[in-house]
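Reading through the structure tokens given below for one structure.
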Amino acid sequence: MSQDKLRTEIEARRDELVSLTQDLIRIPTLNPPGEYYRDICDYLDRRLSNAGFQTELIRAIGAPGDSDRYPRWNIVARRQGARDGQCVHFNSHIDVVEVGHGWTTDPFGGAVIDGKVYGRGACDMKGGFAASIIAAETFIAVYPDFAGAIEISGTADEESGGFGGVAYLAERGYFSPERVQHVIIPEPLNKDRICLGHRGVWWAEIETKGEIAHGSMPFLGDCAVRHMGAVINEMEETLFPALAARRTEMPVVPEGAKQSTLNINSIHGGEAEQGDGYTGLPSPCVPDRCRIVVDRRFLIEEDISEVEAEVRDTLERVRKGRDGFEYDMRELHRVLPTMTERDAPVVGAVAQAVQEVFGREADYVVSPGTYDQKHIDRIGRLKNCIAYGPGILDLAHKPDEYVGIDDMVQSAQVMALALKDLLEV
Ligand SMILES: [Zn+2]
């Protein structure tokens, strides 16, 4: 009976959920460069203060990207319950990626068409953010004497690593076991799936070296691009097959990401490319430098030092077989894999709520790429954390991104039921 009340109350707020999502989409928080963070935080401040939350606006001063022109603003809001208890925290990133080409709707218009709200960030992740706010507000209205506390944060820069957002807050104790016990990140993993964590990341820049000379006499120089060609060839023959053969027990989706992967993100060698307006010919030179950036995604079964050593071994094999081969390798970025245990309390509460709303068991998944859970785990030392929210992951960052209204309503119901379970009502 009481559970039905939470669900019917959320259903009754369907229009409010849609208009909240539209309002968030209409603030174009593009990152880079990090636009309108203060505006969206002010909007959220008004909304959550009205709902009885204590709010704090926190600028990540000195974080990468923070400047007076593009300040990294975050909001943390807390609503204390009537009795002592645990704290459930909903964390959403407020930034969206560039628009790109191919849109048939206004990316910042928030149009509603056939039961979907359209716009950049609709799916990733303003729809999920709105669902968590409606879930919390409804829960507080229905169960004002709950135990513990509810926190809602809107954080900057997730799309560019989260250093001006969750990482900054975690370093200052906002995500810590003393303050927060359960974390739900409403990223678009679909309304009936619980995301336990993500694979690891290791990025490196590899440079091959040569010697510049006139292009008509390449024998007087040494071509760094040919050396890089040998590197890529060695990767094709030994490294890629080895990675493809390595499978994980992590329930990673999609299926293709259940193995180790490596992408060559970019390649640059020789003379810089000229701008589109340039009509002259390039000049003839033997390239003396060639660089690639590799993006290696690794599994919880793999050790990061072995991940690095494997790439270095590949380069060493090339060096042994090739005269004059010299290289540098420089690590750019690393994130360890993380995976919350299936018997963690927040997993159990959301799984039970999914069962109640959809009449079937939740699927457990792991994300191929990282998100802010990495900082909550590593800096915040909070292991009881999942991603759960509406929206179809494949639509993230695409043109005509949308979030389904029914999906938002149902996932808000799941979040509210999880609150009820975790906050001793
Ligand atoms: Zn996201």
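Coordinate-derived values only; no laboratory data. Values in this document were obtained by computation on a predicted structure and should not be read as measured data. Please note: Cβ atoms are built from the backbone with ideal geometry, for glycine as well, and neighbour counts cover all protein chains shown.
Can you tally the lysine pairs in the chain where the Cα-Cα distance is under 27 Å and the two residues are eight or more apart, or on different chains?
For the chain, qualifying lysine pairs total 25.
Can you give me the long-range amide H partners of Asp400? Hydrogens built in the peptide plane at 1.01 Å from N, cutoff under 5 Å, separation of 5 or more residues or another chain.
Here the answer is Thr104, Thr105, since their amide H atoms fall under 5 Å of that of Asp400.
Determine the percent antiparallel among the DSSP beta bridges restricted to segment 1-128, to the nearest 5. Write down the numbers at each step before the final one.
Working: 8 of 9 bridges.
Looking only at bridges with both residues in segment 1-128, the antiparallel portion is about 90 percent.
By its C-alpha gyration tensor, with a ≥ b ≥ c as the square roots of the eigenvalues, how is segment 102-160 shaped: rounded for a/c under 1.5, else prolate for a/b larger than b/c, else oblate? It would help to have the intermediate numbers written out before the result.
Values: a/c = 4.92, a/b = 1.84, b/c = 2.67.
Oblate.
What does DSSP give for the chain in terms of the percent of beta bridges that are antiparallel, rounded to the nearest 5?
Details: 50 of 70 bridges.
Antiparallel: roughly 70 percent of the beta bridges in the chain.
If neighbour count is taken as other Cβ atoms inside 10 Å, put Tyr278, Tyr37 in order from fewest to most.
Numbers: Tyr278 9, Tyr37 29.
By the 10 Å Cβ count, ascending, the order reads Tyr278, Tyr37.
Counting other Cβ atoms within 10 Å of each Cβ, which trypsin sites (Lys or Arg not before Pro) in segment 324-375 have at most 10 and sit in a DSSP loop?
Working: sites: Arg330, Arg334, Arg342, Arg360, Lys374; in loops: Arg342, Arg360.
Answer by residue number: Arg360.
In the chain, which whole DSSP H runs stretch at least 18 Å along their own axis (Cα) and average 0.5 or higher on the Kyte-Doolittle scale? Each step should come with its number before you reach the end.
Values: long enough: 37-50 (20 Å, -1.16); 127-142 (22 Å, 1.66); 304-320 (24 Å, -0.81); 345-358 (20 Å, 1.19); 405-422 (26 Å, 0.63).
The answer, listed by residue number, is 127-142, 345-358, 405-422.
Note down, for segment 44-188, the three equivalent ellipsoid semi-axes (square root of 5 times each alpha carbon gyration tensor eigenvalue), biggest first, whole angstrom.
Semi-axes, largest first: 27, 21, 12 Å.
Over segment 280-421, what number does the Rg to Rh ratio reach, with both radii from the alpha-carbon atoms and Rh per Kirkwood? Please list the in-between numbers first.
On the way: Rg = 22.8 Å, Rh = 19.7 Å.
Here Rg/Rh amounts to 1.16.
At a threshold of 8 angstrom on Cα-Cα distance, excluding pairs fewer than six apart, so keeping six or more, what relative contact order does the chain reach in percent? Don't jump to the answer; show the numbers that get you there.
On the way: 961 pairs, mean separation 108.0, N = 425.
For the chain, the relative contact order is 25 percent.
With only alpha-carbon pairs counted, each pair once and no self-pairs, how large is the Kirkwood hydrodynamic radius of the chain in angstroms? Could the numbers behind the result be given before it?
Numbers: mean 1/r = 0.0430 Å⁻¹.
Value: 23.3 Å, from the Cα pair sum.
Give me, ordered by chain and number, the residues 5 or more places off Val365 or on other chains with an amide H under 5 Å from its own placed amide H.
Under 5 Å from the amide H of Val365: Ile194, Cys195, Leu196.
Fully extended, how many nm does the chain gain between Asp328 and Ala12 (0.36 nm per residue separation, minus their Cα-Cα distance)? Present the calculation step by step, with values, prior to reporting the outcome.
On the way: separation 316, 0.36 × 316 = 113.76 nm, distance 6.07 nm.
Contour length minus Cα-Cα distance gives 107.7 nm.
Using only DSSP helix segments of four residues or longer, with each worth -39500 (n - 2.57), what per-residue ellipticity at 222 nm results for the chain after dividing by its residue count and rounding to 500?
Working: 11 runs with 130 residues, N = 425.
Rounded to the nearest 500, it is -9500 deg cm²/dmol.
Sequence-distant or interchain residues sharing an amide H contact under 5 Å with Gly81, placed H: which?
Here Gly148, Ala149, Ile150 satisfy the definition.
Could you put Arg297, Arg319 in order, starting from the residue whose Cβ has the fewest other Cβ atoms within 10 Å?
On the way: Arg297 25, Arg319 16.
The fewest-first ordering by Cβ neighbours comes to Arg319, Arg297.
What length, rounded to one decimal in nm, is gained on full extension from Asp394 through to Gln80, with 0.36 nm per residue of separation minus their alpha-carbon distance? Don't skip to the end; give the middle numbers.
On the way: separation 314, 0.36 × 314 = 113.04 nm, distance 3.64 nm.
Residue separation times 0.36 nm, minus the Cα-Cα distance, leaves 109.4 nm.
Restrict the search to segment 348-425; then list the GluC sites (Glu not before Pro) that DSSP places in a loop and that have at most 16 other Cβ atoms within 10 Å of their Cβ.
Numbers: sites: Glu356, Glu361, Glu401, Glu424; in loops: Glu361, Glu401, Glu424.
Here the sparse-neighbourhood loop sites are Glu361, Glu424.
With the crude spin-label approximation of a point 7 Å out along Cα→Cβ, what separation in nm comes out for Lys320 versus Asn265?
With each label point 7 Å from Cα toward Cβ, the separation is 3.0 nm.
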